[in-house]
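Data block below; observations after.
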Amino acid sequence: MAQQSRVTVPSPGCLAAIMVPVVAVLIAASVLMVMHYRQERANERNMAEALDRTAALARSYARDVVAAPNGFPGQEAVRDVAERHDGRLLSYARSDYSLTTTVRFFGEYEDTSMFGVSHSRAYQCYSIVLRKRAEGALQAKTSPLEACNVI
């Protein structure tokens, strides 16, 4: 007696029962990946906007320090101005013709994840140099720093 080999083809219902969960998992994974990508881009935009706000705070701080009466303000006065602008004075150096300060400014933003929204802080340090011009008026130069090495 010869042995017969028989090939069986699964029924269409059996194939659908196998493929439907696989396709559902692939769709769910792709939706989660797209959501994660969009959240990351939104978080990056929110952080960039917070850092832009720190630049505006630094310019505002410099204007207030220039507007101080009687020339260069003292360290406590500069510290108060920095705190009013969501900043922290890190260094203060004063001479007859210039005042150099380093201030860390903070900007808050919303950081979203799959588990909800949290509030984060971005910071940027700036060097603010005030110099007396020949006519006695003050001129301010604000420069962002790569790192806040002064603490």
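The values are calculated or read from the model by the stated rules, or taken from the named source; none is laboratory data. These numbers come from a predicted model, not from an experiment. Only protein heavy atoms, including side chains, enter the accessible area calculation; ligands, DNA and RNA are left aside. Shrake-Rupley method; radii C 1.70, N 1.55, O 1.52, S 1.80 Å.
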Open item on the list: How large is the translational diffusion coefficient of the range 40-111 in µm² per second when you combine the Kirkwood radius over alpha carbon pairs with Stokes-Einstein at 25 °C and 0.890 mPa s?
Closed with: 186 µm²/s
Open item on the list: So, for the range 1-71, what is the accessible surface per residue at a probe of 1.4 Å, expressed in square angstrom?
Closed with: 81 Å²
Open item on the list: Please compute the per residue accessible area over the range 85-151 with all protein chains in place, 1.4 Å probe, rounded to a whole number of Å².
Closed with: 64 Å²
TODO: Between Tyr61, Tyr126, Tyr97, find the one with the highest GNM mean-square fluctuation for the chain; connect C-alpha pairs within less than 10 Å.
DONE: Tyr97
Task: Under the Karplus curve 6.51 cos²θ - 1.76 cosθ + 1.60, θ = phi - 60°, whole-Hz ³J(HN,Hα) for the range 83-99, x wherever Gly or Pro sits - done: 5, 5, 9, 6, x, 10, 5, 9, 8, 9, 9, 10, 10, 5, 10, 8, 9
Task: ³J(HN,Hα) computed for each position of the range 70-81 - Karplus, 6.51 cos²θ - 1.76 cosθ + 1.60, integer Hz, glycine/proline x - done: 6, x, 6, x, x, 4, 5, 5, 5, 4, 4, 5
Open item on the list: Quick check: the distance between the Cα centres of the range 1-49 and the range 116-141, to the nearest angstrom?
Closed with: 52 Å
Task: Portion, in percent, of the accessible area of the range 38-127 that falls on carbon or sulfur, probe 1.4 Å - done: 47 percent
TODO: Find the Rg to Rh ratio for the chain, where Rh is the Kirkwood radius over alpha-carbon pairs and Rg uses the same atoms.
DONE: 1.52
Open item on the list: I need the phi-derived Karplus couplings for the range 115-126: 6.51 cos²θ - 1.76 cosθ + 1.60, θ = phi - 60°, integer Hz, Gly and Pro marked x.
Closed with: 9, x, 10, 10, 9, 10, 10, 10, 9, 9, 9, 10
Task: Distant-in-sequence amide H partners of Leu145 (H built 1.01 Å from N, under 5 Å) - done: Cys125, Tyr126, Ser127
Open item on the list: For the chain, take the longest principal axis of its alpha carbons; what is the angle in degrees between that and the long axis of helix 12-66, to the nearest 10 within 0 to 90?
Closed with: 0 degrees
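Given the DSSP H assignment, sum -39500 (n - 2.57) over each helix run of at least 4 residues in the chain and divide by its residue total; what's the result at 222 nm in deg cm²/dmol, nearest 500?
Only helices count here, giving -15500 deg cm²/dmol.
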